[in-house]
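Peer 1: What follows is a single structure, and I will ask about it in a moment.
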Amino acid sequence: RSELEVSLVSWRFRGLLLAIGTFLALALGTLLARFTDASLPFMDSILTSFSIVAQWMQTRKKLEAWLIWLAVDVFYVGMFLYKGLYPTAGLYAIFLYLALLGYMEWKRSMGRSFVPLQTGEVP
């Protein structure tokens with residue numbers, strides 16, 4: 001098999017991924033709120049669900065995966081600070097930095113592999 005190249009997600013598929021992440025977040029949040037004593041059930045479920053979406057996108061080498069990781073990690077840092085879990089907040093701050101590096105590297109690699117079409121060529 002050939003190696004995947006970094007690419008973008010279509011607008012239509014972005015909508016589908018948003019819907020999947022939202023559905024998973026609502027379902028998991030409802031379960032956590034109803035059957036556990038989680039202090040932030042819907043925050044946990046939203047971050048978990050969109051982490052799953054980002055992980056799937058990352059396996060497909062979709063650039064936007066890093067943007068989701070950046071957003072998720074910002075909220076994780078805030079959530080762990082709120083809960084007084086400072087070492088875990090620090091760990092997620094490191095993950096945030098790594099996500100920024102990942103985004104910049106994939107964006108650079110995308111620019112290297114991009115070949116514009118010549119006039120009259122069919123994609």
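Peer 1: Return the residue satisfying two criteria in turn: it lies in region 71-123 and is of a type in the set (Asp, Glu) and surrounded by 12 or more Cβ atoms within 10 Å (Cβ to Cβ), and of such residues it is modelled with the highest pLDDT. Outline the logic, then answer.
Peer 2: If we filter region 71-123 for residues that are of a type in the set (Asp, Glu), which is where we start, we get 73, 105, 121.
Cutting the leftovers down to surrounded by 12 or more Cβ atoms within 10 Å (Cβ to Cβ) gives us 73, 105.
Details: Asp73: 98, Glu105: 95.
This residue is Asp73.
Peer 1: Could I ask something else about it? Just to check your reading of the model, which residue among Ile52, Ile68 is of a type in the set (Val, Ile, Thr), out of contact with any strand residue (DSSP E or B) (no Cβ under 7 Å at 6 or more places or on another chain) and open to solvent by 80 Å² or more (accessible area, probe 1.4 Å)?
Peer 2: Ile52
Peer 1: Right, another one. Go over the candidates Gly78, Gly102, Gly84, Gly111 one by one and state the one that is part of a helix (DSSP H, G or I) and farther than 20 Å from Ala54 by Cα.
Peer 2: Gly111
For every residue, the table says whether it meets (1) touching a residue at least 24 places away in the same chain (Cβ under 8 Å); (2) under 27 Å from Tyr97 (Cβ atoms).
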residue: Ser10; (1), (2): no, no
residue: Ala19; (1), (2): no, no
residue: Ala27; (1), (2): no, no
residue: Leu31; (1), (2): no, no
residue: Ser45; (1), (2): no, yes
residue: Trp66; (1), (2): yes, yes
residue: Phe80; (1), (2): no, yes
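Peer 1: Within region 14-41, take every residue that is hydroxyl-bearing (Ser, Thr, Tyr) and part of a helix (DSSP H, G or I) and give me the one that is farthest from Arg60 (Cα to Cα).
Peer 2: By that ranking, first place goes to Thr30.
Peer 1: Inside region 47-97, can you point out the residues that are among the basic types (Lys, Arg) and touching a Gly at 6+ places or on another chain (Cβ under 7 Å)?
Peer 2: Within region 47-97, none qualify.
Peer 1: Further question: Please enumerate the residues belonging to region 1-49 that are open to solvent by 50 Å² or more (accessible area, probe 1.4 Å), within 12 Å of the chain's Cα centre (by Cα) and polar (S, T, N, Q).
Peer 2: Answer for region 1-49, where residues must be open to solvent by 50 Å² or more (accessible area, probe 1.4 Å), within 12 Å of the chain's Cα centre (by Cα) and polar (S, T, N, Q): just Thr48.
Peer 1: Is it fair to say Leu47 is in contact with a Lys or Arg (Cβ under 7 Å, 6 or more places away or on another chain) and hydrophobic (A, V, I, L, M, F, W, C)?
Peer 2: no
The values are calculated or read from the model by the stated rules, or taken from the named source; none is laboratory data. What you are looking at is a predicted structure, and each value in this text was computed from that prediction instead of being measured. Cβ: placed from backbone, ideal geometry, glycine included. Neighbour counts: every protein chain shown. Areas reflect the complete protein model, heavy atoms only, side chains present, ligands, DNA and RNA absent. Shrake-Rupley method; radii C 1.70, N 1.55, O 1.52, S 1.80 Å.
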